[in-house]
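Have a look at the structure below, then the notes.
Only the coordinates and a few stated rules stand behind these numbers; no lab work does. These numbers come from a predicted model, not from an experiment. Positions of Cβ are generated from backbone atoms using ideal geometry, with glycine treated the same way; all protein chains shown enter the neighbour counts.
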Amino acid sequence: MANKRFVVGLGEALWDVLPEGKKLGGAPANFAYHAGQFGLDTIAISALGEDELAEETIKALKEHGLNYLMPHVPYPTGTVQVTLSGDGIPAYEIKENVAWDNIPYTPEMAEIARNCRAVCFGSLAQRNVTSWATIRQFLDDTPEDCLKIFDINLRQQFYTKDVIEESLKRCNILKINDEELVVIKRMYGYDDLDMRGICEKMLAEYGLKMLVLTCGTNGSYVFAQGLTSFQETPKVTVADTVGAGDSFTGAFCAAILNGKAMEEAHRMAVKVSAFVCTQNGAMPTLPPELKG
């Protein structure tokens, strides 16, 4: 393990229970899966229950060729009830007090943290004190050059200003969407600022390398010190948008780690997430031309 450097998805492992059946989901596994399609050593870190669904999770992870470190804990494996609107936009009902709320910080996790090239984490898995402490410790144990991507992922009522603040202090890339930016604007009293102004203020205030802002069909931006990249959202026939944001983050992170410039990484991420929207579920296989 010592000579390997890992790209880690850290947080919730769960099943999206969709109208057509259940599919393995959760941002960390989705992120790790997509980053892994670009040839990186990826691993999904979470926790599983001691139930049938845990066995199904392991089987699905193996089928997707995804490395994982998910200790078994005495709580049920996570599920989310997903209902889709007419235009394929998901609504989530996230079960509470499940395995991924109780991720223990193990010596194996500490070893991966010390050998981490990039880690993606969100706010949802920090809703419970156990996983919150594990995620903070993992981030604190990563090397100086590690990319720490806070994909904020505000879900229902499962976030607090404290969790967001501590995460912003620990990350060097923030990924946020336009709806989440409105929440942050209210939370931090950025009322006199427009969208770009808020992004530039956060970039400076938290010393971020980059801030990624996605605006659905209205395109996406990447802000860095003195640099802005904008990409339009391609028009595609949407099957569902589940996992599209995670695929964007995974592709963007992989491109940056593979030496691409910010604008090129952004372009690749947009193409990948548009493709994922045309497929059912969060983990389709990418066609070779998207990995170039």
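Compared with the alpha-carbon gap, the fully stretched path from L290 to N67 is longer by 78.1 nm at 0.36 nm per residue. Taking the Cα centre of the chain as origin and assigning +1 to Lys and Arg Cβ atoms and -1 to Asp and Glu Cβ atoms, the resulting dipole is close to 620 debye. Across the range 158-287, Cα pairs under 8 Å and at least six residues apart give a relative contact order of 19 percent. In this simple spin-label model, placing a label point 7 Å from the Cα along the Cα-to-Cβ direction at both N172 and D194 gives a separation of 3.1 nm. Computed per residue of the chain from DSSP H runs no shorter than four, each worth -39500 (n - 2.57), the mean residue ellipticity at 222 nm is -11000 deg cm²/dmol. When the pairs K22/K62; K148/K209; K175/K260; K95/K185; K22/K175; K23/K291 are compared against a 20 Å limit on Cα-Cα distance, K95/K185; K22/K175; K23/K291 fall above it. Relative contact order of the range 1-79, taken over Cα pairs closer than 8 Å and 6 or more residues apart, is 33 percent. 3J(HN,Hα) along the range 82-91: 10, 10, 9, 6, x, 9, x, 7, x, 10 Hz, from the Karplus curve 6.51 cos²θ - 1.76 cosθ + 1.60 with θ = phi - 60°, whole Hz, x for Gly and Pro.
Could you point to the residue in A125, Y92, I112 farthest towards the positive end of the chain's charge dipole, with +1 and -1 charges on the Cβ of Lys/Arg and Asp/Glu respectively? Positive-end residue among those listed: I112. By the rule of a C-alpha distance below 17 Å, with chain neighbours fewer than 8 residues away ignored, the aspartates and glutamates paired with K271 are E232, D240, D246, E263, E289. Full extension of the chain segment joining K209 with V129 gains 26.0 nm, where the gain is 0.36 nm per residue of separation less the Cα-Cα distance. Less than 5 angstrom separates the built amide H of I45 from those of G9, L10, G11, L69, all sequence-distant by 5 or more or on a different chain.
Once the piece of chain linking D87 and Q156 is laid out straight, how much longer is it, given 0.36 nm per residue of separation minus the C-alpha distance between them?
Result: 22.8 nm gained on full extension.
Annotation: the antiparallel percentage among DSSP beta bridges lying fully within the chain is about 40. With the simple model of a label 7 Å out from the Cα in the direction of the Cβ, Q137 to E56 spans 3.1 nm. Each DSSP beta bridge with both residues in the range 126-236 is either parallel or antiparallel, and the antiparallel ones are about 55%. Taking a ≥ b ≥ c as the square roots of the eigenvalues of the Cα gyration tensor, the chain is rounded, since a/c falls below 1.5. Restricting the GluC sites (Glu not before Pro) of the range 157-252 to loop positions (DSSP other than H, G, I, E, B) with no more than 15 neighbouring Cβ atoms within 10 Å leaves E232. For the range 221-292 versus the range 1-57, the spacing of their alpha-carbon centroids is 19 Å. Relative contact order of the chain: 17 percent, from C-alpha pairs under 8 Å at least 6 residues apart in sequence.
Of all the options Q157, Q231, Q137, the one that moves most in a Gaussian network model of the chain with Cα springs shorter than 10 angstrom is Q157.
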